[in-house]
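Colleague: My questions all concern the structure below.
The values are calculated or read from the model by the stated rules, or taken from the named source; none is laboratory data. Note that this is a predicted model, so its numbers are computed, not measured. Glycine gets a Cβ as well: all are built from the backbone with ideal geometry, and neighbour counts include every protein chain shown. In case anyone asks, the SASA skips ligands and DNA or RNA and just uses the protein heavy atoms, side chains included. Shrake-Rupley method; radii C 1.70, N 1.55, O 1.52, S 1.80 Å.
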Amino acid sequence: MSIWEDLHYHRAAHAERPIADLFQSPARASQFSIAADDLLFDYSKTSVDAHARDLLVRLAEASGLSSRREAMFAGAKINETEGRAVLHTALRNLGGSVFVDGADVMGPVREVHARMVQFSRDIRSGRIAGAGGKYTDVVNIGIGGSDLGPAMATIALQPYADGPKTHFVSNVDGAHVHDVLKGLNPATTLVIVASKTFTTIETMTNAEAAKSWMAQALDTPGRQFAAVSTSAERTAAFGIDPSRVFGFEDWVGGRYSVWGPIGLSLMLAIGPEGFGGFLDGGATMDAHFQSAPLAENMPVMLALIGIWNHQICGYPTRAVLPYEQRLSRLPAYLQQLEMESNGKRVAMDGTVLQHASGPVVWGEPGTNGQHAFYQLIHQGTGVVPCEFLLGREGHEPELAHQHRLLAANCLAQSEALMLGRGIETARALMIRKGFEGDELERQAHHRVFPGNRPSTTLLYPRLTPFTLGQIIALYEHRVFTEGVILGINSFDQWGVELGKELAVALEPVLTGEATAEGKDGSTRNLIDYLRSR
Ligand code: F6P
C-alpha cells in the first residue's frame, strides 16, 4: 500500500472516533503542539493521532521535501514552468550569499534595500518633499501581490505606523481610485506604482488616473511618484525618475513579494526599523523551517494537518479566523498565497493531479465572524476545519479586559467545535426552560451541536512586526510544503491568464468598436444589456 492509501485506510478506520477521545491521553495537548521562537501551534484538536502523524511525516519525507527546500533556499530554478528561482527568502536574509546562474544576487538586493531605507527616512523626515511640502499621504497602486501584502501588513501594524498615512488602490473599478484620492492633497501625496511586470491593466489604468489627478493640480506631477517593479524600461516610459524606482528580480513571486521593494509603502508607514523587525521575524521562521525535524517543524505540520483535513478527510474549505482585528486582511492575503499557489490541476510534470489541489481558504476576524457565519461552522452539514490565531496580549493595556474577552471567545470556539453538545444535554436544557412532549423534542434537536469539528490554534505573544514576519513566513512555507507533497509548482499562476486575455478582447465589444460575433449566447445577451440605454 502507498502512504496515501495507508492514510485513507487509517482515516476510514477511525472516522467515527470523537476527537475528544484522543484527550484520554493526558499528554495529547503537549505531544500534538509545537512551540518555537515564542509561537505555539496547537493541533491537538484535530483527528490526527500518533499513527496518522507518522504516516503524514513519511509522506513529507517521501515527497523529497528536504531536498526541494534546500534547492529553494539555494536559488535553484524550482519554478520550472517559468524557469525561475524562488528566492523571497533572500529578501529577509540580507547578510548571506545566494547564487543564481552563477552570480551572487545579494549585492543588488542589499543595494536596493539600502536605497529603500534612505528613501523612507527622507520621506518620513520631510527631507524629500512633494510640491506642497512634507508628504502626508502615500497611495500604493497595485493589485494581487503588489497590494495585498503591504495592505494587510500596514493594517496589522497600525500601532507602529508613525509615518505618512498609507492608502491602497487596487480595483480597476474607478470607484476605488476615485474614493481614495478624493480628499487627499495632490501636493503632499506620494503615489507608489507597484507592479512587478508594470503591465498589469488594473494598476496601469489606476496609475494613469492618478497621473491625471496630479496633473490637474500641479505643474510638476513627476515628483509625486515612485515605482516598484522589475522593469526599469517601463517605469521610465511612465515617466518616473530612476532615483525613485526600486527594482527587484523575477525570482520574487508577486504573492511572496512584501519582503522587498513591494513592501515600500509598509516601510514608509512603520519606518525602516519596524520593517527590519518584520524581515527578522521572517528569517527566524526560515531558520526554523530549515532545521527543525519534520514532526516538530511548524510550517510542515501546518501543511500536513491541511493535507489530512482536505485531501484525506475531504473537507473542501478551510477557515482562517484571526482573533485580532488588525489581521482583518490576513484571510484575503492567504487566499492569494494559498489559492494562487496551490490551486492547480496538473503536477509539475504536466500530468493530472492524483489528489485534490489546495482547498478554498476563507475567513474573517473573530469575534465578528461569530455573529455571521459561525452558525454554519457549528451546525451546518459540512465540516469546515478552522485555524484560529490569537495574541497573548494586545497593544491597548487600558483595554486589557477586552483582550481577555477576545481570548475567551477564541478558546470557547475551538472547545465548542470539538465537544459540541449532545441531544441529552439539549433536552435537559429545554426541560429546565419548561418544554415537554413533542415540542421539547423538536426544540432540543435545534440545540444540538454535533461537535467533533477540527481546529488548530496559533498563539503568539503580541502582533509586533517581528511576529507578523514569523506568521507570514510560516504560511509561505506551509504552502510550499503542501505544494511539494502534491507535486504542484506553487510559484506560477497560469490560471489567471485566460480571463485577462478575454477581457482585453471584450473591452472594444463593450464600446462598440468590435462585434460580439462568435461569442456564446449568454455573453452576447449580457453585452446587449450593458450596451442598451
Ligand atoms: O494576475 C495575477 C498576478 O500576476 C499576481 O500573481 C500578481 O501578484 C498580480 O497579478 C499583480 O502583478 P504585477 O505585480 O505584475 O502587477
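Colleague: Calculate, axis by axis, the spread of Cα positions in the chain along the three principal axes, and write the results as whole Å, longest axis first.
Modeller: So the three principal-axis extents are 80, 61, 61 Å.
Colleague: Another question, then. Quick one: how many lysine pairs does the chain have with C-alpha atoms less than 30 Å apart and a gap of 8 or more or different chains? Give me the count, please.
Modeller: Taking the Cα cut-off of 30 Å, the pair count is 21.
Colleague: Can you send over the carbon and sulfur percentage of the accessible area for region 197-345, probe radius 1.4 Å, protein chains only?
Modeller: 51 percent
Colleague: Within the accessible area of region 366-476, what % is carbon and sulfur when the probe is 1.4 Å and the other protein chains stay in place?
Modeller: Percent of accessible area from carbon and sulfur atoms in region 366-476: 56.
Colleague: Now, a different point. Using R₀ = 35 Å, calculate the FRET efficiency as 1/(1 + (r/R₀)^6) where r is the Cβ-Cβ separation of V346 and N409; round to 0.05.
Modeller: After rounding to 0.05, the efficiency reads 0.25.
Colleague: Continuing with the same structure: Once R0 is set to 45 Å, what does the formula 1/(1 + (r/R0)^6) return for the Cβ-Cβ distance between E501 and N368, expressed as a FRET efficiency to the nearest 0.05?
Modeller: Computed FRET efficiency for E501 and N368: 0.75.
Colleague: Can I ask one more? For N185 and H14 in the same chain, what is the full-extension length gain: residue separation times 0.36 nm, less their Cα-Cα distance, in nm?
Modeller: Taking N185 through H14 to full extension adds about 55.3 nm, to one decimal.
Colleague: Do you know the relative contact order of region 375-519, to the nearest whole percent, from alpha carbon pairs under 8 angstrom that are 6+ apart?
Modeller: Here the relative contact order equals 29 percent.
Colleague: Name the residue farthest towards the positive end of the dipole of the chain from the options A428, F275, L417, assuming +1 on Cβ of Lys and Arg, -1 on Cβ of Asp and Glu, about the Cα centre.
Modeller: A428
Colleague: May I pose another question? How many Å² of accessible area per residue for the chain, probe 1.4 Å?
Modeller: So the chain comes to 44 Å² accessible per residue, rounded to a whole number.
Colleague: Follow-up. Can you give the calculated 222 nm mean residue ellipticity of the chain, where each DSSP H run of n ≥ 4 adds -39,500 (n - 2.57) and the sum is split over every residue, rounded to the nearest 500 deg cm²/dmol?
Modeller: -14000 deg cm²/dmol
Colleague: Subtracting the Cα-Cα distance from 0.36 nm times the residue separation, let me have the gained length for A74 to D241 in nm, one decimal.
Modeller: In short, 56.8 nm is gained.
Colleague: Please work out how much length the chain gains when fully extended from T523 to E393, using 0.36 nm per residue of separation minus the C-alpha to C-alpha distance, in nm with one decimal.
Modeller: Extra length from T523 to E393 when fully extended: 41.6 nm.
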